[in-house]
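Bear in mind these aren't lab numbers, they're just calculated from the coordinates by the rules spelled out. Bear in mind that the values here come from a model prediction, so they are computed numbers and not experimental data. FYI the Cβ positions are ideal-geometry reconstructions off the backbone, even for glycines, and counts take in every protein chain you see.
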Amino acid sequence: MLVVDDTPTKLYILSSWLRRSGHEVLQATGGVEALGKVRDLRPDLVVLDVRLPDMSGYEVCERIKADEATSSIPVIQISGAAITPADRTQGLERGADAYLAEPVEPDEFAATVEATLRYYRARQRAERMANRLATLTEVTLEMNSADTFEALLSTAVEGASRILGRRAGALAIPPDGRTRRFVATPPSTVAVSKAVAPDLLLRIGAMSLGNAAGTQVFTAPAEEWLQLMPDAGVGGGDDGDGGGDATAVFCRTKVGRPPVCLGVYAAPPLDPDETNILRQLGQALALTADALRAYAEEHAIALTLQRSLLPARIPDTPGLEISWRYQPAVDNVEVGGDFYEVLRLGDQVLLAIGDVQGHSLVAATVMAELRHALRASLLGPVDLSASMALLNNVLRCYHRRMTATVCLVLINPATGEMEIANAGHIPPLLIGGETRYHGLGNLLLGVADETYRVDRLTLGEEESVLMFTDGLIEDRDKLLDESLEIVRSMAEASDEGLEPFCDRLIRQFGAREDDVALVAFRRTKAA
């Protein structure tokens, strides 16, 4: 308590009454001195005389309340001279929480102090809780934005440490089955990865929920916690780990799913509000971990399905060096419709690339249908125009709202004679001599009846062809022609093999928002 009065007797009496009630007392005899102590020491309450030698108590109170850092500190004004209703009104209007006119009885003074402190403590608790809930919301949003288990656990422990001001730790099991553990210690609250025993979560679960689903908050004695994690530093340490007992929340959303655990050191013990915050953080961690685990599993399933629909291997093709790449979209769980195909047809080789509209299981199944229809069309005499017409009819008859782009190239490696049929796809890039894109083809598949043109040309020895889907080069902030020219310039300047060139091409455009498929082939010199 800070008592401010320039009368020694009154200063002594008020201080004595407060000390008798168990309070620690500071004293000041002027307004400037009082403001300095309020700013530096942040007392829980100020008892303020109205008449001070350097400034009025009204002004001192106003300055305390005007400062955001001290505005919540309660002020009781007391005066033996300013005792009229107008004086009391002015004191309350200028920020005082209570106003006492002398003479005042010790019991009345003590009761006023306690009543004011109750309000102050309730306000402190409400403000602290509001700040914690605001931070909890921020941390939960950050957790939901995490794209790896490491980022998720790091965010959870940093948030718990920041909100509760305690050393925190978190445990979870990602899809790879290896338990991850992170800890954070205030004031820095920077998460650090820690070694962990494989069965640690099971052992913690035995102390709480076991194999059941739900959420349980429990407190483990220091000795038990130290047995679980010998490096936890319970009881203090040079690295700042300290602790004693630990309070943790153990969560499992459904029976059979991996649990998560989020805990803090419990010295001093957590109050009900802190326990509730820890419970909410633990539940948010469990739900986010489940979502992240499901996303990872779906992504793995999608990639497996996608790759199962593409050629398992490229056949040996004497006279041709062939390189291919398939790169799924970086953030897309759904399968896409990009595909490539390489088929030996006697002395000839067919190379195809295509892109079915959309990202979905439907797009992937349509892509598979087109690949099978293309293969069926090549069982008899090879006619690229007829094959393309068949693919167009498949879409128009059975998938009326779907479109696709496809480019077919048929080459005889021995002679270099090559046929190209293109239905709305990016033209193949001819590399060698003059590096250029082949001319535009016909309308894309699935739109209208179309007669598909077949262009014939000859590919020289050591000349190459590059075919790719638009996912490689499409960017929201760049014209398509600019990206096409980047590819052409890279191919023209390249003197490396197809494999390193394809790798460099993928690196040039980086992670993509759409799937990427590409096929490059070079006619090699005759043996």
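Output the 0 to 90 degree angle, nearest 10, between the alpha-carbon long axis of helix 272-309 and the longest principal axis computed from the alpha carbons of the chain.
Tilt relative to the chain: about 0 degrees.
Tell me the mean residue ellipticity at 222 nm calculated for the chain from its helices only (DSSP H runs of n ≥ 4, each -39500 (n - 2.57), averaged over every residue, nearest 500). Don't skip to the answer; put the middle values down first.
Details: 13 runs with 209 residues, N = 527.
Computed mean residue ellipticity for the chain: -13000 deg cm²/dmol.
So, counting K/R as plus one and D/E as minus one, what does the shell of residues with Cβ under 13 Å around residue 66 add up to? Let's see the in-between values first.
Numbers: positive: 39, 63, 65, 94; negative: 59, 62, 67, 68.
Summing Lys and Arg as +1 and Asp and Glu as -1 gives 0.
Angle between the Cα long axis of helix 106-145 and the longest principal axis of the chain, 0 to 90 degrees, nearest 10?
10 degrees
Roughly what would the spin-label model give for residue 287 and residue 345, points 7 Å off Cα along C-beta, in nm?
About 5.6 nm separates the two model spin labels.
So how tilted is helix 361-377 from the main axis of the chain? Cα-based, degrees 0 to 90, rounded to 10.
Approximately 10 degrees, to the nearest 10.
Can you list the residues, at least 5 places off or on another chain, whose amide H is less than 5 Å from the amide H of residue 167, using H built in the peptide plane?
265
Regarding segment 396-456, what's the average projected area of the Cα-atom convex hull, expressed in nm²? It would help to have the intermediate numbers written out before the result.
Values: hull surface 19.6 nm².
For the Cα atoms of segment 396-456, the hull's average projected area reads 4.9 nm².
Report the relative contact order of the chain, percent, no decimals, based on alpha-carbon pairs under 8 angstrom and at least 6 residues apart. Please list the in-between numbers first.
Numbers: 976 pairs, mean separation 46.0, N = 527.
Rounded, it is 9 percent for the chain.
Expressed in nm², what is the orientationally averaged projection area of the convex hull enclosing the Cα positions of segment 310-523?
Working: hull surface 45.0 nm².
Projected area, direction-averaged: 11.3 nm².
Tell me the volume per residue, in Å³, of the convex hull enclosing the alpha carbons of segment 2-125. Mind dumping the intermediate values first?
Details: hull volume 11.9 nm³, N = 124.
Hull volume over Cα atoms, normalised by residue count, gives 96 Å³.
Go ahead and run the numbers for FRET between residue 321 and residue 257, Cβ-Cβ distance against an R0 of 45 Å, rounding to 0.05.
Numbers: r = 49 Å, r/R0 = 1.09.
For R0 = 45 Å, the calculated efficiency reads 0.40.
Can you pull the Kirkwood radius for segment 146-300, inverse mean 1/r over Cα pairs, to one decimal in Å?
Numbers: mean 1/r = 0.0655 Å⁻¹.
So the Kirkwood estimate lands at 15.3 Å.
Compute the Rg to Rh ratio over segment 447-527 from the alpha carbon atoms, using the Kirkwood formula for Rh, and round to two decimal places. Walk me through the numbers before you get to the answer.
On the way: Rg = 15.2 Å, Rh = 14.8 Å.
Using Cα coordinates only, the ratio equals 1.03.
I need two numbers for segment 241-286: Rg to one decimal and Dmax as a whole number, Cα atoms only, in Å.
For segment 241-286, the Cα radius of gyration and maximum Cα-Cα distance read 11.7, 35 Å.
On a straight-distance basis, which aspartates and glutamates could pair with residue 10 in a cross-link, Cα separation under 15 angstrom, same-chain partners fewer than 8 positions away excluded?
Those aspartates and glutamates meeting the cut-off are 49, 102, 105.
Once the mean 1/r over all distinct Cα pairs of segment 367-431 is inverted, what Kirkwood radius in angstroms do you read off?
Numbers: mean 1/r = 0.0778 Å⁻¹.
About 12.8 Å, per the Kirkwood formula over Cα pairs.
How many percent of all Cα-Cα pairs in segment 142-231 sit more than 14 Å apart?
69 percent
Which whole number of Å³ per residue matches the convex hull of the alpha-carbon atoms in the chain?
Details: hull volume 132.6 nm³, N = 527.
With only Cα atoms used, the chain gives 252 Å³ per residue.
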